[in-house]
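Read the figures in this text as sums done on the coordinates, not as results from a lab. All values derive from a computational prediction rather than experimental measurement. Every residue, glycine as well, gets a Cβ built from its backbone with ideal geometry; the counts of neighbours run over all protein chains shown.
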Amino acid sequence: MCQECCRRSPQPRISRAQFLKLVGLATAGVAVAAGCSSGEPGSAQRGGPVLIDNVRGFTLTPDGPFEFSSLLVGADGRVSGLDVANTGGAERIDGRGRVLIPGLHDAHGHFGQLGANVSQLNLAGTKSLGEAMQALKAFAAAHPERPWILGRGWNDVIWGSGRLPSAADLDAVVPDRPVWLVRVDGHAGVANTAALRQVGITRDTPTPPGGEIVRGADGAPTGAFVDAAQDLVEAHLPKPTTEDLKQNFIAAQRKLNEVGLTSVSDAGTSAAELAVLHQLAASGELTIRTNSFLTYDAYSELGAQARGDSFAEDMLRVRTVKLYIDGALGSHGAAMLAPYSDDPENSGLPQMDAAELRNRVTQVMRDGFQVATHAIGDAGNRMVLDAYEAAMAEVGGDMRHRIEHAQVLAVEDIPRLRRHGIIASMQPVHATDDMNMAEERVGAQRIAGAYAWRTMLDQGITIASGSDFPVSSENPFDGLHAAITRTDREGRPVGGWYPQQAMKPDEALRSFTLDAAFAAHQERVLGSLEPGKRADFVILDQDPLDPPSGRARWQTKTLQTWVAGRRVGEYGDL
């Protein structure tokens, strides 16, 4: 649903030498890359063993579900045992009968962008263009010192406007400063006239490959930009400082821990962001395990020197490179095999041709990285499958390559994922977010291969679930609710949207825990509560798989979050 995957704010560029200096690798080199640093969160403060007793514990293991009433955490931050008789004098914490499950892993989010959004205008949930413009007016008045007004989250489908917003809409409320507002999916943005003037966009500006400059009848830009054309504006946005990036991550991890997330796969980490993540991990300030997908630019800047399966005792992993092949369904940018049902002249916006995609995939695989490619349309997914098959035949190896979103596939292409061990990295909330327009876009026949979780699971395909935050809610219980019920928070539609594609409760939880860890090559240390694994867990106010009468799964609240045997957040009384 996102582009690279939700488009990122401009990042300060750093050289390979600067990166190595920032993360301390210039002298430590291989030792740190092999996982020899000692920056586990709170390791300096960690005490002796802890027994979390009197809980309704539940974990999924390779052998199936396992229930327990007590969890023993060792002084090393790992699980020592479940329901053990001899606790060795461990400090006892009474769980008061609360539910305890493994920490949840969002398999596809945008860590830094979530934090950056805290300081920007949030238009998510606005129900009309007028409401959004009033929010813009108020935000601009509250921040007179900002040279640019930045925001995101608008959705023209929900507005019912039948068009993308324009510079004229923005000019009516903020004519004096540049404004840039990004669509909810990150695949379109709108600038006001002051912004167009500042970045030098005119009717003579050529449309870049893989993008669209929306133009009026007179050929002049309206202010709206789709997919790659957004770079024409975003290249000129103010760049964050290293301290800005650090504060973004700290703000984001606070939000993520609070909703029960102990791990995240960051779907597009820049070189500058990766340097900051290294520093946070080494200092013990990182409280969410981060599986970083290097952007292709970061991979090109840093090369294989950035690679490492475990930094700071599994707090940071860097073995994946993020590519993308198309845009989003909502903005008609997803690459389709046939034209859109509601736009017969348009088949989407491929971001590169098949030859270039294959070259990039082969290069990344040859360097020992997992490839994670954004693909939403059926043509985009076929291009990725073709590139993976060709590159795997040439390079070999088993890196469990991933398709990010895997949203609309030709039904005949689905078995190819299982055949080649490809992970479907999907976001259950996208089905309920998109159900108001998805079938309108692709038609009744193609919808059979869309958001097709049951079809994939029945064929033995691994699904790693995430949210694509901040495109959608970062709360994993929204994702569990959508996966199991195929409804939104209001329970619509009654009975679920294409309910035959729903996951079973255990499957949904597994997709956010053990299978998300498997997709990150971390299933030996994360994803379940088994002796020897990292003690990452959450204590909840209800069972999200079987909530009490009158409460929905999405209403589950996290009371405590523990990472590496240390409580990193407490949000309510046990």
#### Entry: Sites A235 and A142 - FRET efficiency at Förster radius 30 Å, r taken between beta-carbons, to 0.05
0.65
### Query
Ranked from highest to lowest mean number of other Cβ atoms within 10 Å per residue, what is the order of the peptides 456-466, 385-395, 136-146, 157-167?
456-466, 385-395, 157-167, 136-146
### Message
Report the gain in length on full extension from A168 to D367: 0.36 nm times residue separation, minus Cα-Cα distance, nm rounded to one decimal.
### Response
66.9 nm
### Estimated dipole of the chain in Debye, rounded to 20 [Cβ of Lys and Arg +1, of Asp and Glu -1, Cα centre]
800 debye
#### Entry: Gain upon complete extension [A354, V395; 0.36 nm per residue less C-alpha separation]
13.0 nm
### Query
Given 0.36 nm per residue, what is the gain on full extension from D83 to S300 after removing their alpha carbon distance, in nm?
73.2 nm
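Just to verify a number: FRET efficiency for L337 and K127, C-beta to C-beta distance, R0 = 45 Å, to 0.05?
Efficiency computed from Cβ-Cβ geometry: 0.85.
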### Message
Cross-link candidates for K246: which aspartates and glutamates have Cα within less than 16 Å, leaving aside residues fewer than 8 places away along the same chain?
### Response
D266, E273, E285
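With Cβ to Cβ distances under 9 Å as the rule, what net charge do the other residues near L526 carry (K, R +1; D, E -1)?
Local net charge: +1.
If you count the DSSP beta bridges with both ends in the chain, what percent of them are antiparallel, to the nearest 5?
Beta bridges within the chain, antiparallel portion: roughly 45 percent.
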### Query
For the range 487-574, rounded, prolate or oblate, judged on the Cα gyration tensor with a ≥ b ≥ c (square roots of eigenvalues), a/c < 1.5 rounded, else prolate if a/b > b/c?
oblate
### Task
Could you check the simple spin-label distance between Q134 and D573, using points 7 Å along Cα→Cβ, in nm with one decimal?
3.9 nm
### Query
Can you work out the FRET efficiency for the pair E412 and K557, with r the C-beta to C-beta distance and R0 = 45 Å, to the nearest 0.05?
0.55
#### Entry: lysines with Cα under 20 Å of K137, excluding same-chain neighbours fewer than 8 positions away
K127
### Query
Ordered by packing density, taken as the mean number of other Cβ atoms within 10 Å over each peptide's residues, highest first, how do 218-225, 424-431 rank?
424-431, 218-225
